[in-house]
Amino acid sequence: METGQRTDIKSMYMEELQEFVKRLGEKKYRAKQIYEWLHKKQAGSFEEMTNLPKSLIEKLKDSCILTVLRTETVQVSKEDGTKKYLFALSDGNVIESVRMQYKHGNSVCISSQAGCRMGCRFCASAIGGLVRNLTTAEMLDQIYRIGKEAGERVSNVVVMGTGEPLDNYENLLRFLHMVTDEDGLHISQRNVTVSTCGIVPKMRMLADENLQITLALSLHAPTQEKRSMLMPIAGTYALEEVLEACRYYFYKTGRRVTFEYSLSSGVNDSDEEAKQLIRLLRSIDAKCHVNLIPVNPVRERDFRQPNRQSVLQFQKKLLESGINATIRREMGQDIDGACGQLRRKYAAGTGEP
């Protein structure tokens with residue numbers, strides 16, 4: 001986990017940290033102390049690690065970087081308390097995270113990249129393309145900063161913010177192991193969801209990891225033709241290939257797959273498209289769930305949200321066919337709700353709304 005000449009200490013597994021402290025000439029047990037400061041107590045500096053000798057603290061300061069995100073802006077919904085955070089990275093880039101409060105606990109949606117190269121037509125995150133992948137530490141620290149600020153435990157994590165998680169596969173996988181590690185936050189794997197637009201080889205690789213996380217496929221269209229219009233990735237991986245990867249994920253893990261379907265007025269919300277979606281999902285022969293998402297209008301994109309009645313009608317058709325379908329609860333609608341909107345506003349120099 002080297003970054004330039006310095007070690008990215010917060011991205012290291014416990015075993016790697018043990019080897020690292022040995023190379024520094026320290027006892028192995030120091031690794032557990034450091035790991036606890038990083039991932040349980042979530043120290044903001046090496047100086048906070050008060051049970052370490054000063055000599056070791058100096059070694060860590062000389063040889064390591066400690067990733068601690070800086071909060072640039074926080075938007076708070078007056079409707080439901082949802083909070084959207086804009087975090088500054090050490091290189092000047094900014095990323096978004098969201099904290100949503102539910103009866104069952106706090107859910108945090110994190111970003112996996114600064115920007116995105118997938119180019120989905122309705123998404124603000126893709127405007128401007130990919131800047132870079134986030135490190136594992138930068139992914140973890142979004143949760144740590146939000147948990148610290150809230151003063152409450154984060155119980156659910158969704159990797160569904162800016163970026164395509166499977167396009168940052170190695171760092172994502174390390175993040176999944178570390179965020180569920182009993183020596184860290186110890187969040188249940190079943191309370192972690194990873195979204196993807198459909199990078200088939202990586203979907204299969206993730207299935208082979210035999211984790212118990214939920215895989216969410218950004219589907220958004222019931223046919224290859226329509227999906228190709230909305231999502232450039234469909235030109236690389238055909239819909240049938242993507243669905244076969246979903247079947248494989250269910251076969252390997254026993255975990256049902258969630259299908260994200262953003263409803264856009266006049267684009268993919270007709271009765272005929274509901275029927276096509278039903279036929280498509282019946283062909284999968286795996287447990288699945290459809291999450292209907294009324295699209296968030298984005299200034300740079302020409303997509304409109306359907307009226308409530310149209311959304312309910314679409315859901316009704318799915319339910320009547322025996323397909324489990326819910327409408328995503330619209331949270332934080334009075335703040336920059338869609339992924340990438342707050343980041344875009346910041347980049348344009350307009351600051352807060």
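For ASP181, the conditions (1) surrounded by 17 or more Cβ atoms within 10 Å (Cβ to Cβ); (2) in contact (Cβ under 8 Å) with a residue 60 or more places away in the chain; (3) touching a His at 6+ places or on another chain (Cβ under 9 Å) are fulfilled apart from (1). Starting from region 134-162, keep only residues that are under 19 Å from TRP37 (Cβ atoms) and of a type in the set (Lys, Arg), then list their pairs with residues that are modelled with pLDDT under 95 and part of a helix (DSSP H, G or I) whose Cβ atoms are within a distance under 7 Å, requiring at least 6 positions of separation or different chains. Close Cβ pairs satisfying both conditions: ARG153/GLY147.
Looking across region 281-292, the residues that are at pLDDT below 95 and crowded, with 19+ Cβ neighbours inside 10 Å come down to LEU281, CYS288. One residue alone among SER97, SER125 is within 24 Å of GLN305 (Cα to Cα), in a helix (DSSP H, G or I) and in the same structural domain as VAL74 (by TED's automatic domain parsing), and that residue is SER125.
Residue-wise test of (1) more than 19 Å from ARG121 (Cβ to Cβ); (2) surrounded by 16 or more Cβ atoms within 10 Å (Cβ to Cβ).
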{"site": "ILE199", "(1), (2)": "no, yes"}
{"site": "ASN210", "(1), (2)": "yes, no"}
{"site": "LYS226", "(1), (2)": "no, yes"}
{"site": "THR253", "(1), (2)": "yes, yes"}
{"site": "PHE259", "(1), (2)": "no, yes"}
{"site": "SER264", "(1), (2)": "no, yes"}
{"site": "LYS275", "(1), (2)": "yes, no"}
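Residues in region 115-168 that are among the charged types (D, E, K, R), closer than 28 Å to SER188 by Cα and modelled with pLDDT under 95: LYS148, GLU149, GLU152, ARG153.
Quick one: is LEU217 over 17 Å from VAL290 (Cα atoms) and crowded, with 21+ Cβ neighbours inside 10 Å? Walk me through it before giving the result.
Working: over 17 Å from VAL290 (Cα atoms): no; crowded, with 21+ Cβ neighbours inside 10 Å: yes.
No, not satisfied.
For region 100-122, the set of residues classified as part of a loop (DSSP other than H, G, I, E, B), more than 25 Å from SER155 (Cα to Cα) and in contact with a strand residue (DSSP E or B) (Cβ under 9 Å, 6 or more places away or on another chain) consists of CYS116, ARG117, MET118, CYS120, PHE122, listed by residue number.
For region 45-69, filtered to residues that are in a loop (DSSP other than H, G, I, E, B) and surrounded by 15 or more Cβ atoms within 10 Å (Cβ to Cβ), the residue that is farthest from the chain's Cα centre (by Cα) is LEU52. If the condition is being loosely packed, with under 15 Cβ neighbours inside 10 Å and modelled with pLDDT of 80 or more, then region 293-312 contributes ARG304, ASN307, ARG308, GLN309, LEU312.
For the subset of region 70-88 comprising residues that are among the charged types (D, E, K, R), part of a strand (DSSP E or B) and surrounded by 14 or more Cβ atoms within 10 Å (Cβ to Cβ), which member is nearest to the chain's Cα centre (by Cα)? Break it down stepwise before answering.
So the first thing to find is which residues in region 70-88 are among the charged types (D, E, K, R), and the list is 70, 72, 78-80, 83-84.
Filter once more, so that each one left must be part of a strand (DSSP E or B): 70, 72, 83-84.
Narrowing the set further to residues that are surrounded by 14 or more Cβ atoms within 10 Å (Cβ to Cβ) leaves 72, 83-84.
Values: GLU72: 19, LYS83: 16, LYS84: 14 Å.
So the residue we want is LYS84.
Residues in region 23-37 that are part of a helix (DSSP H, G or I) and either modelled with pLDDT under 95 or over 21 Å from HIS186 (Cα atoms) (or both): ARG23 alone.
Evaluated against (1) of a type in the set (Ser, Thr, Tyr); (2) at pLDDT 95 or above; (3) farther than 30 Å from MET229 by Cβ, THR73 falls short on exactly one condition, (2).
Report whether or not PHE259 is more than 20 Å from the chain's Cα centre (by Cα) and not in a helix (DSSP H, G or I). No; evaluated as a whole, the condition is false for this residue.
Cβ-Cβ contacts under 6 Å between residues 6 or more apart (or on different chains), taken from a first residue in region 305-320 that is of a type outside the set (Asp, Glu) to a second residue that is in a helix (DSSP H, G or I), are listed as PHE314/ALA274; LYS317/ALA274.
Of the helices (runs of 4 or more DSSP H) lying entirely inside region 129-235, those carrying at least 2 residues that are more than 17 Å from THR258 (Cβ to Cβ) and aromatic (Phe, Trp, Tyr) are 169-179.
The values are calculated or read from the model by the stated rules, or taken from the named source; none is laboratory data. Source: prediction; values computed, not measured. Every residue, glycine among them, receives a Cβ derived from its backbone with ideal geometry; neighbour counts consider all protein chains shown.
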